[in-house]
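First the structure, in the form of structure tokens, and then the observations on it.
The values are calculated or read from the model by the stated rules, or taken from the named source; none is laboratory data. Everything numeric in this text was worked out from a predicted model, so none of it was measured. Counting neighbours? That spans all protein chains shown, and the Cβs are built from the backbone with ideal geometry, glycine included.
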Amino acid sequence: MIIRKMFKFENAHIVRDCTSRRCRTSIHGHSYRVEVLLESEWLDNAGMVYDFGLMKRGIKTLIDGFDHATTIWAGDDSEYIAAVKQFSKRWVSVPVNPSAEQFCRIFFVLIDELLSLSVMNNGERGVQVQSIIVHETDTGYAQCFRKDAYNANMGVIKPADIVFSPEIIASWDEPELLEWIVQKREIVNPTDV
């Protein structure tokens, strides 16, 4: 069975080396919509794949980290990176060019790691990411499946290579969340959300 939860965020980026001159040479923004699709062959004690209330915690925190931020490709020009960090309190550095396709892969890897480290407390079993859909515009989206998320031909994405600005981390209810994921520490799901 598959469940789906939609999240939204506003973000600015430059997508270097793309065909569109405007996109590759100018900072621009989008009103993103992210669909997180989770699946399991089992239901928990309440007859759910995964409580939507749990999705409002870690998963929402990670996606919301990109809200009103500038996403920077770590391989971009060092002067550009320094300028963004100097003039924007909310930025995220990622190891791949921040296209809609790569956003899908980034969210898949982060959420997949989060779920794999989560201690389930209500009989949840086998919950995993089925796919991630990132709508960059009203008419265009990218969808990522497991085979895409970990495909080295598309660029390697490791949580340790994703850096959120101090301003973003300070706004999280659990500022250690990304550190827990990177260190592969268990994350205990609450019994009441």
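Yes or no, residue by residue, for (1) of a type in the set (Gly, Ala, Ser); (2) under 19 Å from Lys158 (Cβ atoms):
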position: His30; (1), (2): no, no
position: Val36; (1), (2): no, no
position: Trp73; (1), (2): no, yes
position: Glu79; (1), (2): no, no
position: Ser93; (1), (2): yes, yes
position: Ser99; (1), (2): yes, yes
position: Phe108; (1), (2): no, yes
position: Val119; (1), (2): no, no
*Close pairs (7 angstrom Cβ cut-off, 6 or more residues apart or separate chains): at pLDDT below 95 in the range 92-103, of a type outside the set (Phe, Trp, Tyr) anywhere*: none
*Do you know which of the residues in the range 122-151 that are among the aromatic types (Phe, Trp, Tyr) and in contact (Cβ under 8 Å) with a residue 40 or more places away in the chain is surrounded by the fewest Cβ atoms within 10 Å (Cβ to Cβ)?*
Tyr150
*Out of the range 53-91, which residues are surrounded by fewer than 16 Cβ atoms within 10 Å (Cβ to Cβ) and at pLDDT below 95?*
Gly53, Lys56
*Evaluate the range 149-163: report whether one residue or more is closer than 25 Å to Arg4 by Cβ, touching a helix residue (DSSP H, G or I) at 6+ places or on another chain (Cβ under 9 Å) and at pLDDT below 95.*
no
*Qualifying helices (runs of 4 or more DSSP H) (wholly inside the range 141-185; at least 1 residues being within 19 Å of Ser118 (Cβ to Cβ) and β-branched (Val, Ile, Thr))*: 177-183
*Qualifying residue in the range 183-190 (condition: surrounded by 15 or more Cβ atoms within 10 Å (Cβ to Cβ) and touching a residue at least 60 places away in the same chain (Cβ under 8 Å))*: yes
*Within the group Val84, Val127, which residue is of a type in the set (Val, Ile, Thr), touching a Phe, Trp or Tyr at 6+ places or on another chain (Cβ under 6 Å) and farther than 18 Å from Leu62 by Cβ?*
Val84
*When you go through Glu41, Glu35 one by one, which is the residue that is touching a Lys or Arg at 6+ places or on another chain (Cβ under 9 Å), touching a residue at least 12 places away in the same chain (Cβ under 8 Å) and more than 19 Å from Ile106 (Cβ to Cβ)?*
Glu41
*Since Asn122 meets every condition but one in (1) within 30 Å of Gly47 (Cα to Cα); (2) not in a loop (DSSP other than H, G, I, E, B), which condition does it not meet?*
(2)
*Of all residues in the range 152-173, how many are among the acidic types (Asp, Glu) and either exposed (fewer than 13 other Cβ atoms within 10 Å of the Cβ) or over 16 Å from the mean Cα position of the chain (by Cα) (or both)?*
2
_Qualifying residues in the range 1-41 (those that are touching a Gly at 6+ places or on another chain (Cβ under 7 Å) and surrounded by fewer than 17 Cβ atoms within 10 Å (Cβ to Cβ)) - the one farthest from Gly75 (Cα to Cα)_ = Glu41
